[in-house]
Structure formats: C-alpha cells, structure tokens
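Notes follow the structure.
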Amino acid sequence: MNSRAALVIAMLCFAFRVDAQTSLSYLLDPFAQATSGDERCCLAGTCECGGPYKHDAEINDRVVEAIRIDKRFRDTAVWVTTTRGFVTLRGCVRNPAQKNALGRVVKRQAGVVLVWNEVAIGRTGK
C-alpha cells in the first residue's frame, strides 16, 4: 500500500471516529403540537412571536435614556443590561440614596420586570 492510500484511510478512520463521538440528538429532538385547545399560541400565528427576549433592546434603550435625563445621576457611572425584562445595573454611585433612586427610576420604565441594582457605592481612584 502506498503512503497516499494509507493517509486517506487514516483520515477517514479519524473522521468516522470523531463523527461517532459527536451527539446528533439535537437533530433528532421531536417537536409536535400535542394540544390545540388554546388558540393564543405564537406557533399558531395568533400572538406575537419572540418570547420574553423580543423587547429587551427597546427596554434597555428606554432605561438608559431615563437614567441619562435624570440630573440626579450626572455624577455616576452606570451600565445597563436587559435580559427577558430583567434589568441589571452595574457601576458606581456616590451614596445609598442615589442607588435607591436609580433603582426606583428603572423599575418605573415600561417592560421592566425586575431590577438587579448591583451598583457600588463610593468611588475608587482619585
């Protein structure tokens, strides 16, 4: 057997071994409608698709804008992340009153389900 044929056989054996170790269950997961008594389902085309993540970007933008226009937060450094309407606040504020006010402002925004106010109080550095 020449070296080229041996190389091809070795590559095929390796490819089949790797393929055999790779689970294909994600391709085989069955998905079927089990009931149809409630016609308000996205998959039936009777409600908005996208689930709880669909409006995260607009909720996040609304929260960021509300923080930016509130003069009480001019001397803060705050980052906002939104997932499923759950808003996480990170960064720094000067005092507990500012942290609490920030949480209240965010909670009032449309679409906000929950606020995780993880901002730190006080400054480091200067």
- Message: If I take R0 = 30 Å and measure r between the Cβ atoms of A101 and Y53 in this structure, what FRET efficiency does the formula 1/(1 + (r/R0)^6) give, to the nearest 0.05?
- Response: 0.60
- Once amide hydrogens are built 1.01 Å from N within the peptide plane, the residues lying 5 or more places from T83 or on another chain with amide H under 5 Å from its amide H are T88
- Message: Please list log₁₀ I(q)/I(0) at q = 0.22, 0.25, 0.28 Å⁻¹ for the stretch 58-126, using the Debye equation with identical point scatterers on the alpha-carbon positions.
- Response: -0.86, -1.10, -1.35
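No lab work stands behind these numbers, since they all come straight from the coordinates. None of these values were measured; they are calculated from a predicted model. Counting neighbours? That spans all protein chains shown, and the Cβs are built from the backbone with ideal geometry, glycine included.
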